[in-house]
Amino acid sequence: MSNPFLQLNYEPALENLGDEYFDIVTAAKFPDHILRWRNDRVLQTLGLDPTQVCDRDFIEVFGTFAGVKPFLALRYHGYQFGQYNPNLGDGRGFIYGQVRGIDGELYDMGTKGSGRTPHSRTADGKLTLKGGVREVLAAEALERLGVKTSRCLSLIETGEGLYRGDEPSPTRSSVMVRFSRSHIRFGTFERLHYINRGDLVRKLLDHVIEFYYPHLGLSQPYNQAEIDASFYAELVERVARLTAQWMVAGFCHAVLNTDNMSITGESFDYGPFAFIPTYDPQFTAAYFDYYGRYAYSNQPAVCYWNLEMLQYPLKMVMSQANLDLGLAKFADYYRQEYTTKFCLRLGLESPTPPESPVLIEDLISLTLQLLSKSGAETKGENQIGYHDFFIKLKTSFNPNWREDVQNIVIEANLTPEQTEIWYQWRSLYHQLLNQMPISQIPQVRDKLHIYNPSKILLRPEIEAVWEKITIDDNWQPFYDLIAEIQA
């Protein structure tokens, strides 16, 4: 039988841009190929029947890299921890191919760990197996929590020993394939500004609008300035909403450099990420983030700043006034998305009575106060985890909460200060439940279960899975953890 991946209708969208944007590269050859992860849910997005795709199909295409060519390593720069770096680009990966999903969107299959490129500098272009495992887990966890994220299509162990400063070495190697809505980054544009090529900015912007914002070109009469302004305004909205999704999910990306910002407003590239165990605004996920630039609470401000930096290349072809108008709405979009997503985790829609928005804001504020009082300031049994709170709410909810505020109980040992906040919280929650028709109360329980998975990907979970892989080469806990995350 022919390989289903080789029968897909690949599109040369990036290739047609021209070689000012990429380098043509070849893949490394590996001593071994063991498929450790295949994402059958992503196969369905491609219109492929998972039962008709065997493991050797993955290995042939994403291990030995048969089929589609050329492979394109994109050129880009970026602001890293606030400092501009012109020495970036795809140093350990390339675009294998681009293909339409059944939803009509164009997707990139991008490798990670596939060998050296002209942008590798002194690195080996490889990916540690643990790094691949972590990215698979991060993407699946974020998808389950409703974050717009890239996915991992496959992870293949490749049989090499790699030396790294942040892992016991030699450590096992892998090549991963990331499935994303675009590989184009803010830094792709920033490089063009650095080399003073406004003509290439114009060409790239037209490409981005054509393939990822096609609805903007349908306006009549055609007006380039309006389309450009609408693109940036929509990108601002997408990034603001994505940032709010991270925050509600309790996710700290850890490395929000501009080369890690997608031009489609999609989350990707999970290195030292972490889900916060308790509500700690100053939580940092990367050990090398010495000054907390990318701390959990700083993510909205950093993403806003990244959008500001993107204005430098864009204003080579757009007016500053239109860019400023687009960016001015970031806070509004962020607030709307944060409120909506937080409400859903509380089992609520945004209610209609005029006083409800104020009650909702107060309820969210009290939730964060309760959880912050359960963080670093308290120890042991008085500590309520950020995610534990939503899980407790889900498992404790009863329709009789609407009848009497005294019925609203969750299992937790609270300090007197926490207890006072909890009494205020349940009073507001009771009010909001009573603003709903009684027929909608079952929907509260449904939302609590849909938007609050029982398994959250905290660091101890990852380390426990990795220990089993390292010591016993036992992958079953890894698969079990993914199943629990997705449930």
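With respect to L344, determine if the residue is at pLDDT 95 or above, part of a helix (DSSP H, G or I), of a type outside the set (G, A, S) and over 21 Å from the mean Cα position of the chain (by Cα). Can you show your working first?
Details: at pLDDT 95 or above: yes; part of a helix (DSSP H, G or I): yes; of a type outside the set (G, A, S): yes; over 21 Å from the mean Cα position of the chain (by Cα): no.
No.
Any chance segment 461-469 includes a residue that's among the hydrophobic types (A, V, I, L, M, F, W, C), in contact with a helix residue (DSSP H, G or I) (Cβ under 8 Å, 6 or more places away or on another chain) and part of a loop (DSSP other than H, G, I, E, B)?
Taking segment 461-469 and keeping what is among the hydrophobic types (A, V, I, L, M, F, W, C), we get 462, 464-466, 469.
Those left that are additionally in contact with a helix residue (DSSP H, G or I) (Cβ under 8 Å, 6 or more places away or on another chain): 462, 464-466, 469.
Filter again for part of a loop (DSSP other than H, G, I, E, B), leaving none.
Within segment 461-469, none of the residues are among the hydrophobic types (A, V, I, L, M, F, W, C), in contact with a helix residue (DSSP H, G or I) (Cβ under 8 Å, 6 or more places away or on another chain) and part of a loop (DSSP other than H, G, I, E, B).
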Query raised in the report: Going by the conditions given, is P453 touching a helix residue (DSSP H, G or I) at 6+ places or on another chain (Cβ under 7 Å) and in a loop (DSSP other than H, G, I, E, B)?
Result: yes
Query raised in the report: Restricting to segment 208-227, what's the tally of residues that are under 28 Å from A301 (Cα atoms) and in a helix (DSSP H, G or I)?
Result: 7
Query raised in the report: Taking strands (runs of 3 or more DSSP E) that fall entirely within segment 34-131, which contain at least 3 residues that are under 16 Å from S174 (Cβ atoms) and more than 20 Å from the chain's Cα centre (by Cα)?
Result: 34-38
Report summary line: Per the filter on segment 287-306, residues among the small types (G, A, S) and over 17 Å from Y79 (Cα atoms) are S297
Query raised in the report: Taking segment 233-247 as the search range and keeping residues that are surrounded by fewer than 22 Cβ atoms within 10 Å (Cβ to Cβ) and among the aliphatic types (A, V, I, L, M), which one is nearest to T340 (Cα to Cα)?
Result: M247
Query raised in the report: Conditions: (1) among the small types (G, A, S); (2) touching a Phe, Trp or Tyr at 6+ places or on another chain (Cβ under 9 Å); (3) not assigned by TED's automatic domain parsing to the domain that holds L137. A229 meets all but one. Number of the miss?
Result: (2)
Report task. Select from segment 171-224 the residues that are at pLDDT below 95 and of a type in the set (A, V, I, L, M) and list them in ascending order. Result -> L216, L218
Report summary line: Residue pairs within 6 Å by beta carbon, gap of at least six or interchain, first lying in segment 77-90 and touching a residue at least 24 places away in the same chain (Cβ under 8 Å) and hydrophobic (A, V, I, L, M, F, W, C), second in a strand (DSSP E or B) and buried (at least 21 other Cβ atoms within 10 Å of the Cβ), listed first then second, are L88/G78
Report task. Would you check which residues across segment 185-222 are within 27 Å of Y270 (Cα to Cα) and surrounded by fewer than 20 Cβ atoms within 10 Å (Cβ to Cβ) and list them? Result -> Y194, H207, V208, I209, F211, Y213
Query raised in the report: Are any of the residues in segment 425-442 modelled with pLDDT of 95 or more and assigned to a loop (DSSP other than H, G, I, E, B)?
Result: no
Report task. Quick one: which residue in S182, S230 is in a helix (DSSP H, G or I), surrounded by 18 or more Cβ atoms within 10 Å (Cβ to Cβ) and hydroxyl-bearing (S, T, Y)? Result -> S230
Query raised in the report: List the pairs whose first member sits in segment 464-480 and is not assigned by TED's automatic domain parsing to the domain that holds L137 and modelled with pLDDT of 95 or more, whose second member is of a type outside the set (F, W, Y) and assigned to a loop (DSSP other than H, G, I, E, B), and whose Cβ atoms are under 8 Å apart, counting only residues at least 6 apart or on separate chains?
Result: K468/N474
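Inspect all residues belonging to segment 132-141 and state whether any of them is assigned to a strand (DSSP E or B), more than 28 Å from Y10 (Cβ to Cβ) and touching a residue at least 12 places away in the same chain (Cβ under 8 Å). If you could, list the steps in order and put the result at the bottom.
Of all residues in segment 132-141, those assigned to a strand (DSSP E or B) come to none.
Scanning segment 132-141 turns up no residue that is assigned to a strand (DSSP E or B), more than 28 Å from Y10 (Cβ to Cβ) and touching a residue at least 12 places away in the same chain (Cβ under 8 Å).
Have a look at S154, S150, S173 and point out the one that is in contact with a strand residue (DSSP E or B) (Cβ under 9 Å, 6 or more places away or on another chain), outside the structural domain of G271 (by TED's automatic domain parsing) and within 30 Å of P313 (Cα to Cα). First the steps, then the outcome.
Values: S154 fails: within 30 Å of P313 (Cα to Cα); S173 fails: within 30 Å of P313 (Cα to Cα).
Just one listed residue meets the conditions, S150.
Quick one: would you say I410 is aliphatic (A, V, I, L, M) and at pLDDT 95 or above?
Details: aliphatic (A, V, I, L, M): yes; at pLDDT 95 or above: no.
Answer is no for this residue.
Here is a check on your reading of the model: is F283 part of a loop (DSSP other than H, G, I, E, B), free of Cβ contacts under 8 Å to residues at least 60 places away in the same chain and at negative phi? It would help to see each step written out before you state the result.
On the way: part of a loop (DSSP other than H, G, I, E, B): yes; free of Cβ contacts under 8 Å to residues at least 60 places away in the same chain: yes; at negative phi: yes.
Answer is yes for this residue.
The values are calculated or read from the model by the stated rules, or taken from the named source; none is laboratory data. None of these values were measured; they are calculated from a predicted model. In this analysis, Cβ positions are derived from the backbone assuming ideal geometry, glycine residues included, and neighbour counts consider all displayed protein chains.
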